[in-house]
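K.L.:
My questions all concern the structure below.
The values are calculated or read from the model by the stated rules, or taken from the named source; none is laboratory data. Note that the coordinates shown come from a computational prediction; the quantities given were computed from them, not determined experimentally. Here the Cβ is made from the backbone with ideal geometry for all residues, glycine too, and neighbour counts use every protein chain on show. Calculation scope for accessible area: heavy atoms of the full protein, side chains included, ligands and nucleic acids excluded. Shrake-Rupley method; radii C 1.70, N 1.55, O 1.52, S 1.80 Å.
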Amino acid sequence: MTEFQRLSLHVPEPAVRPGGAPDFSNVTIAKAGAVARPEVDAAPEDIRDLAYSIIRVLNREGEAVGPWAGTLSDDELLSGLRHMMKLRAFDARMLMAQRQGKTSFYMQHLGEEAVSCAFRKALRKGDMNFPTYRQAGLLIADDYPMEEMMNQIFSNESDPLRGRQLPVMYSSREHGFFTISGNLSTQYVQAVGWAMASAIKNDTKIAAAWIGDGSTAESDFHSALVFASTYKAPVILNIVNNQWAISTFQGIARGGSGTFAARGLGFGIPALRVDGNDFLAVHAVSLWAAERARRNLGPTLIEYVTYRVGAHSTSDDPSAYRPKTESEAWPLGDPVLRLKKHLIVKGAWSESRHVQAEAEILDEVIDAQKRAEAHGTLHAGGKPSVRDIFDGVYAEMPPHIRRQRQEAGY
């Protein structure tokens, strides 16, 4: 009788577990300035290699080199540095507030500040982001008031969302920030639909979809790519690969594709990987993708290679699934320190001015927090009343709902 080989299931495993020595030898890093910058109208099949390399502008000496350099002025870079510093200070204060019991939970951006802060500079007013909970830099870089963000986190009486969202799930149409959903991948489809609607109306606005590496395993991610590629939607499809989902390393979601960017190739979508801790590279690639969308050339998929330094949230303990010193071994460095070094090398910044800016920004954040904490609680127990639910759901209340409200004594 013929004996057949028994099958076995392959389950991806991270290279190192807690207690081991961090190892990022699998991250192939291209030399800064070495990756070519194609024309905006390049065919996806002609730039296939960009899905497997990493676009970098800043070299180890802090110099901006290569064809992707030069998209920002010194003033714009200084503004970007302050935005990242502000987001980092905001993070630290809100994490402390959660530990003090002032909010139920918080989610840090530590190590990922360049992704959202630099990307925002490539957009115009009216463009719409469909973000995850780790893109608060889109708001910070668009000068959304920190006090308003804190009001939403604290669910106080000045919360713009009136207690209807979890902390850190902001929403602002005026600032191009669509309401965050905890089910992250659902927004990928919505972003593509919004972009298609903009094109149908012959508008000038584009959309940006955001997702983490873990959520790319959801079916909505792939559905969005089908529609975006079929209808050439004016959308930028962003994947923030920070190496870890809630407690799962990125290899589980990536599967055998090699890179997350490579997922776009099968759909005929131009796909690029960029150093997510390089503010200049993030902006240059984002600007390239935005121009494609505005010229009716269709979607672009971007994978930002970065690292989540902190926990997934304040309810997560990363020491249970990754080495404690792993963030220190991350080879692409700290985005704030890298941009700071670049500006000092250019003579546009200095150590003393950086220290002064840190103090000024911390004072600004603390002042905003004091004002936010001075507002009273939204309701007893922090929950919206029936009256608020009736009055807040409808812009114009339908007659039958108005009758129900009156009959209920509200």
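K.L.:
What residues have an amide H closer than 5 Å to that of GLY212, excluding those fewer than 5 places away on the same chain, when H is modeled at 1.01 Å from N in the peptide plane?
P.N.:
VAL240
K.L.:
Which of LYS201/LYS232; LYS125/LYS205; LYS86/LYS340; LYS340/LYS370; LYS86/LYS341; LYS102/LYS324 have a Cα-Cα distance over 19 Å?
P.N.:
With Cα atoms farther than 19 Å apart: LYS340/LYS370; LYS102/LYS324.
K.L.:
Based on DSSP loop calls and a cut-off of at most 10 other Cβ atoms within 10 Å, the longest stretch of the chain free of exposed trypsin sites (Lys or Arg not before Pro) is what?
P.N.:
Answer from the scan: 202-410.
K.L.:
Carbon and sulfur: what percent of the chain's accessible surface (1.4 Å probe)?
P.N.:
Carbon with sulfur: 51 percent of the solvent-accessible area.
K.L.:
Further question: Quick check: the distance between the Cα centres of segment 292-367 and segment 101-157, to the nearest angstrom?
P.N.:
14
K.L.:
Apply the a/c threshold of 1.5 to the C-alpha gyration tensor of segment 236-278 and tell me whether it is rounded, prolate or oblate.
P.N.:
Verdict is oblate for segment 236-278.
K.L.:
While we're on this one: Could you work out [θ]222 nm for the chain from helices alone, using -39500 (n - 2.57) per DSSP H run of at least four and dividing by all its residues? Round to the nearest 500 deg cm²/dmol.
P.N.:
For the chain, the value works out to -11500 deg cm²/dmol.
K.L.:
Here is a follow-up. State in Å² the accessible area per residue of the chain; use a 1.4 Å probe, count heavy atoms of protein chains only, and round to the nearest integer.
P.N.:
46
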